[in-house]
Amino acid sequence: FLRDCADRDLLGVLTADVMIVLNTQPSEGKAVEQGVAINNGIPIILVGEKRTNIFQTLALYTHVPDLAAALKHIDRPKILLH
């Protein structure tokens, strides 16, 4: 059961367009998912002001104060440059 959960979790990260991290409490699990996202160039939106590790300073991260701001950020139309 746990292996199946881990496999689905990894697949979810790997197929995501963007990852939203609710940075409300310490958790080693979310660090693993963030590492997978970083390794695969998947943008990460960090919800909450507190950075909990040095990797959250990377350019892949966007910091927002709350979930409403995160949802607004991903709902913005993308501008295509040619």
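The values are calculated or read from the model by the stated rules, or taken from the named source; none is laboratory data. Predicted model, so just to flag it, every value in this text is computed and none were measured. When we count neighbours, we look across all protein chains shown, and the Cβ atoms used for this are built from the backbone with ideal geometry, even at glycine. When the accessible area is computed, the model is the full protein with side chains, heavy atoms only, and any ligands, DNA or RNA have been set aside. Shrake-Rupley method; radii C 1.70, N 1.55, O 1.52, S 1.80 Å.
As a check on your grasp of the helix formula, calculate [θ] at 222 nm for the chain: sum -39500 (n - 2.57) over DSSP H runs of n ≥ 4, divide by the residue count, round to the nearest 500.
Working: 3 runs with 34 residues, N = 82.
-12500 deg cm²/dmol, from helical runs alone.
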(message) Compute, for the chain, the length of the dipole vector about the Cα centre, with Cβ point charges of +1 (Lys, Arg) and -1 (Asp, Glu) only. Units Debye, rounded to 20.
(response) 220 debye
(request) Give, in nm to one decimal, the length gained when the segment between Ala68 and Asp9 is fully stretched (0.36 nm per residue of separation minus the Cα-Cα distance). (result) 18.9 nm
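Might you tell me the accessible area per residue for the chain, computed with a 1.4 Å probe and given in Å²?
On the way: 6250 Å² over 82 residues.
Dividing the accessible area of the chain by its residue count gives 76 Å².
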(request) Using only Cα atoms, tell me the angle between helix 28-39 and the longest principal axis of the chain; keep it within 0 to 90° and round to the nearest 10. (result) 60 degrees
(request) Could you please state how large a percent of the accessible area of the chain is carbon and sulfur, counting protein chains only and using a 1.4 Å probe? (result) 61 percent
(request) Putting +1 on Lys and Arg Cβ atoms and -1 on Asp and Glu Cβ atoms, find which of Leu10, Ser27, Ile38 reaches farthest to the positive end of the dipole of the chain. (result) Ile38
(message) Apply the a/c threshold of 1.5 to the C-alpha gyration tensor of the chain and tell me whether it is rounded, prolate or oblate.
(response) oblate
